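Peer 1: What follows is a single structure, and I will ask about it in a moment.
The values are calculated or read from the model by the stated rules, or taken from the named source; none is laboratory data. If you're wondering where the values come from, they're calculated on a predicted model, not measured in any experiment. Counting neighbours? That spans all protein chains shown, and the Cβs are built from the backbone with ideal geometry, glycine included. All accessible areas refer to the heavy atoms of the entire protein, side chains included, with ligands and DNA or RNA removed. Shrake-Rupley method; radii C 1.70, N 1.55, O 1.52, S 1.80 Å.
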Amino acid sequence: MPRPAWIALVAVVAAGLVLTLAWMATDRRGFTQRLDTDTTVVIPAGREVCRRSVKPEEAGVNGLRFQIDTAGRPGPPLALVVFLRHSRRAIVARGRIRGGYRTGLAEGPIRGSATGARALSVCLHNLGRNAITIAPPAGRPSRRQVVATGGTGFREISLALVRKPNPTLLSLMPTALRRAELFRPGWVHTWAYWVLAVALLIAVPGLLARALAGAEREDAGGGA
Amino acid sequence: MSVAWALFVPPWQSPDETQHFAYLQSLAERFELPGQAGRPRYSSEHRLADRLSKTGHEARLPGAEWSVRAFQEWKREDAAFVPADRRNGGGRNPASANPPLYYLWESIPYQLAGGDIFNRLYVGRLWSAVWLLVGTLATWLLAGEVFGRVRSLQLGAAAFVGFQPMVTFISASINPDSQLIALWTLALWLGARLIRRGLTLPGAVAFMGVVGLGVLTKATSYALLPAALCVLALGVWRLRRTASLRSATALAVAAVLAFAVPAGAWVITARALHRPAVNQVLGGKAGAHKPPFNPRGFASYVRQFYLPLPGLGRNIYPTTVPLYSVWFKGAWGTFGWRQLQLPPGVFFVLLAGCLVTLAGAALAFVRHTVRRDWALWAFFAIALVTLVALLHVTEYRVVFLARERGPFTQGRYLLPLVSLGGLAVSAALSVLSGRQRLYALGGLLGGLVVLQVVCFVTLARWFYA
């Protein structure tokens, strides 16, 4: 007796789900996105420098990292500001790098949502009494040096967008569904997405299998 | 599945949804078409929701607003709004030249749902998704008309449309393309029916009426008119043996009127309101110096679109093959704004599947498992060629003559013809016999379910994880 056609459907769904789960289990969401330049930027005390057209490639940026030369002194505290496009009125995230670091990589967390535009601007405000130098990353020669003057200036500073820790996509799914509850009607809750997921994975294939069986029966009963 | 798409996609993150919602709000709140000079494009309520959700018309970067605090802030500020804050939009926006039919349809849930802006937006999406059911059913009927009463082939065609990711995505959005896809599919079915069964008064009026409603939904539907008129002319020609000239003429006039009444009503209304009846290609950067249409320039652009090969002269697509990157990827899985796409590996699997399907459909013609009704296939071909030509002419005018903006054409603009993809699937299945066909169909249905799952994971990854 031939096997019913819905077995092919179930087999493909099962194989596809296994592959999808494998993808989700190996897809790590932490990242470091380097935005390197060959410009060295000196930021005197009290000055601020920004970089425009920053485009994160992934969601969830929660830190900024810079290659900083403190000229042998303890590094000053730095304020970090992220805003939409070039408008300071649309700040979406803020952060801070504590003082006392040494020449090398300095990293600070940012709080907020670094998203919501076609591009962002990232600013670094020197809150201390000593100048610092934002250098290209180690191994990349500096071809140009500029000194930040005046108020906020846009310069080609080297920086890295960071997301930590490094969870898998699969482990983040409950969180993702919770996030998808925001900016929705009051009747949309996280459980609704779980119900829909079950429907997609079980009810939809079930209904398709039934339709397939029906088509099989009708075609056998006189169709072409 | 439509419910899942409607709810899971962040607000405004389907193409141009911000503008379409602004149109809807203007119509539903003020019963006025948008596009009035001096008024803000969006209402205060809309601007607040757009700004705090961080998924509005400017939002092209990955991620949505994840902060509960931002959501609470929106709730607090929104609660302070008065009804006038919903009514102070209605200014010019790119969607304002669209005809109003779809937005009138969407006004029903907008008025009934009430509540905050997200309630009205998401209920509107669910309401819009009804068109997916219409389109799927129409494809099932179309396949029945083309292949006869063969349920497995009808199921294959309908499932292809009902599960095609871009169709489900667009249908579950505030977007007139939702209605457009369904109306085009209905028109293809009704047209096929007239070719197969002969011209009748109710059939012809329904067919041309649907084409007219399509024009009242989006001006793109004018591309369906040449194919529709060919069907009508063929039907009248065939009637000469069985009916008098007078009755055939009366039937044709009634059919044309069924188209002209809705389409003409909109043209007259638009003229009376001093607004364009179709989307206009404005001056763009070229301003008043916009050069006239140049056939040689257009031919060169089309050649470069389909043959962007080095050594063939100036190339405007140096790094992509538009046939793949624009038409194929755009029609299968470019969600939201252009950046969010399915993983590259999935596109390759889909491409392989499509090539196999096309080869199977060609084989079906060779083996006569599909009837060679040339009138029918000519009808489909005219619709396809006219739509593609219209899109290319528009892109050429927008990008190269008016220099309004970057690439205009997107794969999703081909979705009104998605049912022809369903027919190709059915034709390929028809090559297989009995159990082989059913196993292949089972595999296809399973693959479509998996594709939907992959789409949701892609969305989750981009916006929420």
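Peer 1: Residues being farther than 14 Å from B:Ala331 by Cα and among the aliphatic types (A, V, I, L, M): count how many of those fall in the range B:392-430.
Peer 2: 11
Peer 1: Another question, then. Residues A:Arg52, A:Arg28: which one is closer than 27 Å to A:Gly139 by Cβ, open to solvent by 40 Å² or more (accessible area, probe 1.4 Å) and at pLDDT 95 or above?
Peer 2: On the way: A:Arg52 fails: at pLDDT 95 or above.
Criteria check complete, one pass: A:Arg28.
Peer 1: Quick one: which of B:Ala428, B:Ala402, B:Ala440 is more than 14 Å from every other protein chain (Cβ to nearest Cβ), open to solvent by less than 40 Å² (accessible area, probe 1.4 Å), touching a Leu at 6+ places or on another chain (Cβ under 9 Å) and more than 27 Å from B:Gly191 (Cβ to Cβ)? Outline the logic, then answer.
Peer 2: On the way: B:Ala428 fails: more than 27 Å from B:Gly191 (Cβ to Cβ); B:Ala440 fails: more than 14 Å from every other protein chain (Cβ to nearest Cβ).
B:Ala402 is the lone residue from the list that is more than 14 Å from every other protein chain (Cβ to nearest Cβ), open to solvent by less than 40 Å² (accessible area, probe 1.4 Å), touching a Leu at 6+ places or on another chain (Cβ under 9 Å) and more than 27 Å from B:Gly191 (Cβ to Cβ).
Peer 1: Under the condition of being without any contact (Cβ under 8 Å) to a residue 40 or more places away in the chain and farther than 18 Å from B:Leu52 by Cβ, which residue from the range A:58-99 is nearest to the chain's Cα centre (by Cα)? Talk me through it step by step, then tell me what you get.
Peer 2: Of the residues in the range A:58-99, the ones without any contact (Cβ under 8 Å) to a residue 40 or more places away in the chain are A:72, A:74, A:84-85, A:87, A:89-99.
Narrowing further to those that are farther than 18 Å from B:Leu52 by Cβ: A:72, A:74, A:95-99.
Details: A:Gly72: 34, A:Pro74: 31, A:Gly95: 16, A:Arg96: 19, A:Ile97: 20, A:Arg98: 23, A:Gly99: 27 Å.
So, considering only residues that are without any contact (Cβ under 8 Å) to a residue 40 or more places away in the chain and farther than 18 Å from B:Leu52 by Cβ, the one nearest to the chain's Cα centre (by Cα) is A:Gly95.
Peer 1: Contact list please: Cβ distance under 6 Å, first residue in the range B:57-80 and more than 10 Å from chain A (Cβ to nearest Cβ), second residue among the aliphatic types (A, V, I, L, M) and part of a helix (DSSP H, G or I), pairs at least six apart or on different chains.
Peer 2: If the second residue must be among the aliphatic types (A, V, I, L, M) and part of a helix (DSSP H, G or I), the pairs left are B:Glu77/B:Leu48.
Peer 1: Search the range A:85-116 for residues being among the β-branched types (Val, Ile, Thr) and not in a loop (DSSP other than H, G, I, E, B), and hand back the single one that is surrounded by the fewest Cβ atoms within 10 Å (Cβ to Cβ).
Peer 2: If we take residues in the range A:85-116 being among the β-branched types (Val, Ile, Thr) and not in a loop (DSSP other than H, G, I, E, B), then A:Ile91 is surrounded by the fewest Cβ atoms within 10 Å (Cβ to Cβ).
Peer 1: Yes or no: B:Phe348 touching a residue at least 24 places away in the same chain (Cβ under 8 Å) and either open to solvent by 20 Å² or more (accessible area, probe 1.4 Å) or assigned to a helix (DSSP H, G or I) (or both)? Give the steps one after another, and end with the answer.
Peer 2: Numbers: touching a residue at least 24 places away in the same chain (Cβ under 8 Å): no; either open to solvent by 20 Å² or more (accessible area, probe 1.4 Å) or assigned to a helix (DSSP H, G or I) (or both): yes.
So B:Phe348 does not fit the description; no.
Peer 1: Those residues that are within 7 Å of another protein chain (Cβ to nearest Cβ) and in a helix (DSSP H, G or I), I need them from the range A:215-224; list them, please. Steps first, answer last, please.
Peer 2: Let us first name the residues in the range A:215-224 that are within 7 Å of another protein chain (Cβ to nearest Cβ), namely A:215-216, A:218-219, A:223-224.
If the condition is that a residue be within 7 Å of another protein chain (Cβ to nearest Cβ) and in a helix (DSSP H, G or I), then A:Ala215, A:Glu216, A:Glu218, A:Asp219 are the ones that fit.
Peer 1: Among the residues of the range A:176-213, which ones are more than 19 Å from A:Val12 (Cβ to Cβ), within 9 Å of chain B (Cβ to nearest Cβ), open to solvent by less than 30 Å² (accessible area, probe 1.4 Å) and part of a helix (DSSP H, G or I)?
Peer 2: A:Ala176, A:Leu177, A:Ala192, A:Tyr193
Peer 1: Among B:Val150, B:Val134, B:Val167, B:Val146, which is the only one that is over 25 Å from B:His57 (Cα atoms), in contact with a Gly (Cβ under 8 Å, 6 or more places away or on another chain) and β-branched (Val, Ile, Thr)?
Peer 2: B:Val150
Peer 1: Can you name the residue in the range B:443-456 that is at the interface with another protein chain (Cβ under 8 Å from one of its Cβ atoms) and open to solvent by less than 10 Å² (accessible area, probe 1.4 Å) and, of all such residues, is nearest to B:Val146 (Cα to Cα)?
Peer 2: The residue in question is B:Leu445.
Peer 1: Still on this structure, I have one more. Looking at this structure, is B:Leu417 at pLDDT 95 or above and either open to solvent by 50 Å² or more (accessible area, probe 1.4 Å) or within 25 Å of the chain's Cα centre (by Cα) (or both)? Lay out the reasoning, then the answer.
Peer 2: Working: at pLDDT 95 or above: yes; either open to solvent by 50 Å² or more (accessible area, probe 1.4 Å) or within 25 Å of the chain's Cα centre (by Cα) (or both): yes.
Against the criterion (at pLDDT 95 or above and either open to solvent by 50 Å² or more (accessible area, probe 1.4 Å) or within 25 Å of the chain's Cα centre (by Cα) (or both)), B:Leu417 qualifies.
Peer 1: If you go through the range B:1-43 one residue at a time, how many are on the phi < 0 side of the Ramachandran plot, over 25 Å from the mean Cα position of the chain (by Cα) and open to solvent by 10 Å² or more (accessible area, probe 1.4 Å)?
Peer 2: 6
Peer 1: Since A:Ile7 meets every condition but one in (1) open to solvent by less than 60 Å² (accessible area, probe 1.4 Å); (2) β-branched (Val, Ile, Thr); (3) within 8 Å of chain B (Cβ to nearest Cβ), which condition does it not meet?
Peer 2: Unmet for A:Ile7, out of (1) open to solvent by less than 60 Å² (accessible area, probe 1.4 Å); (2) β-branched (Val, Ile, Thr); (3) within 8 Å of chain B (Cβ to nearest Cβ): (1).
Peer 1: Same structure again: Is it true that some residue in the range A:88-95 is touching a strand residue (DSSP E or B) at 6+ places or on another chain (Cβ under 8 Å), within 14 Å of chain B (Cβ to nearest Cβ) and under 21 Å from A:Asn166 (Cβ atoms)?
Peer 2: Yes, some residue in the range A:88-95 is touching a strand residue (DSSP E or B) at 6+ places or on another chain (Cβ under 8 Å), within 14 Å of chain B (Cβ to nearest Cβ) and under 21 Å from A:Asn166 (Cβ atoms).
Peer 1: Conditions: (1) within 25 Å of the chain's Cα centre (by Cα); (2) modelled with pLDDT of 85 or more; (3) open to solvent by 20 Å² or more (accessible area, probe 1.4 Å). B:Pro407 meets all but one. Number of the miss?
Peer 2: (2)
Peer 1: Follow-up. Just give me the residues in the range A:47-81 being touching a His at 6+ places or on another chain (Cβ under 8 Å) and in a loop (DSSP other than H, G, I, E, B), in sequence order.
Peer 2: A:Arg47
Peer 1: When you scan the range B:44-135 for helices (runs of 4 or more DSSP H) that lie fully inside it, which ones turn up with 3 or more residues that are open to solvent by less than 60 Å² (accessible area, probe 1.4 Å) and of a type in the set (Gly, Ala, Ser)?
Peer 2: The helices (runs of 4 or more DSSP H) meeting that bar are B:44-53.
Peer 1: Quick one: is A:Leu80 of a type in the set (A, V, I, L, M) and either under 30 Å from A:Ala213 (Cβ atoms) or at the interface with chain B (Cβ under 9 Å from one of its Cβ atoms) (or both)? Step through it out loud before you land on a result.
Peer 2: On the way: of a type in the set (A, V, I, L, M): yes; either under 30 Å from A:Ala213 (Cβ atoms) or at the interface with chain B (Cβ under 9 Å from one of its Cβ atoms) (or both): no.
So A:Leu80 fails the test.
Peer 1: Inspect the range A:163-175 for any residue being open to solvent by 50 Å² or more (accessible area, probe 1.4 Å), away from every other protein chain (no Cβ under 14 Å), assigned to a loop (DSSP other than H, G, I, E, B) and more than 24 Å from A:Gly60 (Cα to Cα) and give the result as yes or no. Give the derivation first.
Peer 2: Quick first cut of the range A:163-175, residues open to solvent by 50 Å² or more (accessible area, probe 1.4 Å) only: A:164-166, A:170-171, A:174.
Of the ones still in play, those that are also away from every other protein chain (no Cβ under 14 Å) are A:164.
Next, from what is left, pick out any that are assigned to a loop (DSSP other than H, G, I, E, B): A:164.
Then keep just the ones that are more than 24 Å from A:Gly60 (Cα to Cα); that gives none.
No, every residue in the range A:163-175 fails to be open to solvent by 50 Å² or more (accessible area, probe 1.4 Å), away from every other protein chain (no Cβ under 14 Å), assigned to a loop (DSSP other than H, G, I, E, B) and more than 24 Å from A:Gly60 (Cα to Cα).
Peer 1: Still on this model: Out of the residues in the range B:223-259 that are at pLDDT 95 or above and over 13 Å from B:Ala204 (Cα atoms), state the one that is surrounded by the fewest Cβ atoms within 10 Å (Cβ to Cβ).
Peer 2: Selected residue: B:Pro226.
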